[in-house]
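Asker: I'd like to ask you about the structure that follows.
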Amino acid sequence: MKLLSGEILSNERYGDNLYRIEVFSPYICNNAQAGQFVNVKCSYDGSLDPFLRRPFAIFDIEKKFNVFSILYLLRGRGTRFLSLLEQGDMLDFTGPLGKPVDLTGAGANVLLIGGGIGIAPLHLIARIAVKIKNNVFFAAGFKDNAFLRWEKDLIRLKINYAVMTEDGSWGEKGLVSDYIWENLKTFENYDIYCCGPCDMLKTLQNIYKNKKNKVTAFLEEKMACGVGVCAGCVVRIKKGSKGFSYQKVCEDGPAFNLGEVLFD
């Protein structure tokens, strides 16, 4: 992990309150792996408002051009600051952070299940999995069609996918968890990676409670330091038959065995 700065090459609006920012960083492109994230300073030099950095999953890496990207939703002061940055501005960030996911140990079939902005870390996993010749299927669920432009990125990956929206404005109408339940047999021999709202992860945990699939979940927690010092992003993970331990999302994760996560 290093304290870094990189030139912003683009900061495009991808949809309603959805942005994709591309940053030049040879260090990140040469050292980051699937599932990792960066912690971004979201204030001008000399300003401490907001004081804490914001964590963002690495959405994509273009090693040929030394460019990585993050996908973010406009939610508060930090992301509003990001949305105002322009080409040529410098982005202050630390990374890569978190434990990477070793996709070489995955099975031949990979199922990615994303909900909302939870698609961000899964996109890079899809790209890497395709390169090592895995059979990849991406199932994604959204409230509406705000993420519609992302479908172009999916098409470039040349993988099979299904999109669900709650209002039916894009893809099929319904929840992505319902789609998974209805197609359990199809994905019986798939390793699964998922990220999204807590309710979605709880539902998937119940669906796969007695199944043989290896299910890895990327957890989203508020972070302060991003390196495990402050212990502000702890989650409870099963330990033994009845016990549990506290683990840090930033240092021990963000990827965990979904079946071992204890949701409050």
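The values are calculated or read from the model by the stated rules, or taken from the named source; none is laboratory data. None of the values given here were measured: they were computed from a predicted structure. When we count neighbours, we look across all protein chains shown, and the Cβ atoms used for this are built from the backbone with ideal geometry, even at glycine. The area values use the complete protein model at the heavy-atom level, side chains included, leaving out ligands, DNA and RNA. Shrake-Rupley method; radii C 1.70, N 1.55, O 1.52, S 1.80 Å.
Asker: Of Lys143/Lys214; Lys2/Lys212; Lys2/Lys209; Lys211/Lys238; Lys131/Lys212, which sit over 29 Å apart, Cα to Cα?
Answerer: On the way: Lys143/Lys214 27 Å; Lys2/Lys212 38 Å; Lys2/Lys209 39 Å; Lys211/Lys238 18 Å; Lys131/Lys212 26 Å.
The answer is Lys2/Lys212; Lys2/Lys209.
Asker: Give me the log10 of I(q) over I(0) for region 40-135 at q = 0.11, 0.13, 0.16 Å⁻¹, as the Debye formula computes it from C-alpha points; what are the numbers?
Answerer: -0.41, -0.56, -0.79
Asker: Keeping all protein chains in place, calculate the accessible area per residue for the chain (probe 1.4 angstrom), answer in Å². Can you show the working numbers first?
Answerer: Values: 13310 Å² over 264 residues.
For the chain, the per-residue accessible area is 50 Å².
Asker: Next question, about the same structure. With charges only on Cβ, +1 for K and R and -1 for D and E, what is the dipole size of the chain about its Cα centre, in debye, rounded to 20? The partial results should precede the final answer.
Answerer: Numbers: 33 positive and 29 negative charges, 156 e Å.
I would put it at about 740 debye.
Asker: A follow-up question, please. For region 257-264, in order, what is each residue's ³J(HN,Hα) by Karplus, 6.51 cos²θ - 1.76 cosθ + 1.60 with θ = phi - 60°, in whole Hz (x at glycine and Pro)?
Answerer: Going residue by residue, I get 5, 4, x, 9, 7, 9, 7, 6 Hz, with x marking Gly and Pro.
Asker: Projecting each Cα onto the charge dipole of region 122-182 (Lys/Arg +1, Asp/Glu -1 at the beta carbon, about the Cα centre), which of Asn160, Gly174, Asn145 comes out farthest on the positive side?
Answerer: Positive-most Cα among the choices belongs to Asn160.
Asker: Here is a further query. With an 8 Å Cα cut-off and a minimum separation of 6 or more residues, compute the relative contact order for region 163-255 in percent. Kindly include the intermediate steps, with their values, before the conclusion.
Answerer: Working: 109 pairs, mean separation 17.3, N = 93.
Computed value for region 163-255: 19 percent relative contact order.
Asker: Over all Cα pairs of region 123-264, how is the pair count split among 10 Å bins, expressed in % and running from 0 up to the last occupied bin?
Answerer: With 10 Å bins starting at 0, P(r) equals 10, 35, 36, 17, 2.
Asker: So what is the relative contact order of region 95-188, in percent, for Cα pairs below 8 Å that sit 6 or more residues apart? Don't jump to the answer; show the numbers that get you there.
Answerer: Values: 128 pairs, mean separation 21.9, N = 94.
Contact order relative to length: 23 percent.
Asker: Still on this structure, please answer the following. Would you be so kind as to identify which of Asn109, Phe24, Leu97 lies farthest towards the positive end of the dipole of the chain, taking Lys and Arg as +1 and Asp and Glu as -1 on Cβ and the Cα centre as origin?
Answerer: Asn109
Asker: Using a 10 Å cut-off on Cβ atoms, rank the peptides 247-259, 127-139 from the highest mean neighbour count down.
Answerer: On the way: 247-259: 20.8, 127-139: 17.7.
With the highest mean Cβ count within 10 Å placed first, the list reads 247-259, 127-139.
Asker: If you roll a 1.4 angstrom probe over the protein chains with everything in place, what fraction of the accessible area of region 164-264 belongs to carbon and sulfur, to the nearest %? Show your work: numbers first, answer last.
Answerer: On the way: 2700 of 5750 Å².
The C+S portion of the solvent-accessible surface of region 164-264 is 47 percent.
Asker: On to the next question. Only helical DSSP H runs with n ≥ 4 go in: add -39500 (n - 2.57) per run for the chain, normalise by residue count and round the 222 nm mean residue ellipticity to 500 deg cm²/dmol.
Answerer: On the way: 6 runs with 51 residues, N = 264.
Helix contribution divided over all residues of the chain: -5500 deg cm²/dmol.
Asker: Using a probe of 1.4 angstrom, how much of the accessible area of region 1-82 is carbon and sulfur, in percent?
Answerer: Values: 1970 of 4050 Å².
About 49 percent, which is the carbon plus sulfur part of the accessible surface.
Asker: Place +1 on the Cβ of every Lys and Arg and -1 on the Cβ of every Asp and Glu in the chain, take the dipole about the Cα centre, and give the residue among Ile8, Phe263, Gly88 whose Cα lies farthest towards its positive end.
Answerer: In the chain, that residue is Phe263.
Asker: Given an 8 Å cut-off on Cα distances and at least 6 residues of separation, report the relative contact order of the chain as a percent. Please report the intermediate quantities before stating the final value.
Answerer: On the way: 578 pairs, mean separation 46.8, N = 264.
The value is 18 percent.
Asker: Cα axis of helix 198-207 to longest principal axis of the chain: angle in degrees, 0 to 90, nearest 10?
Answerer: For helix 198-207, the angle is close to 30 degrees.
Asker: Could you tell me the center-to-center distance, by alpha carbons, between region 1-38 and region 109-152 in angstrom?
Answerer: Cα centres, region 1-38 to region 109-152: 18 Å.
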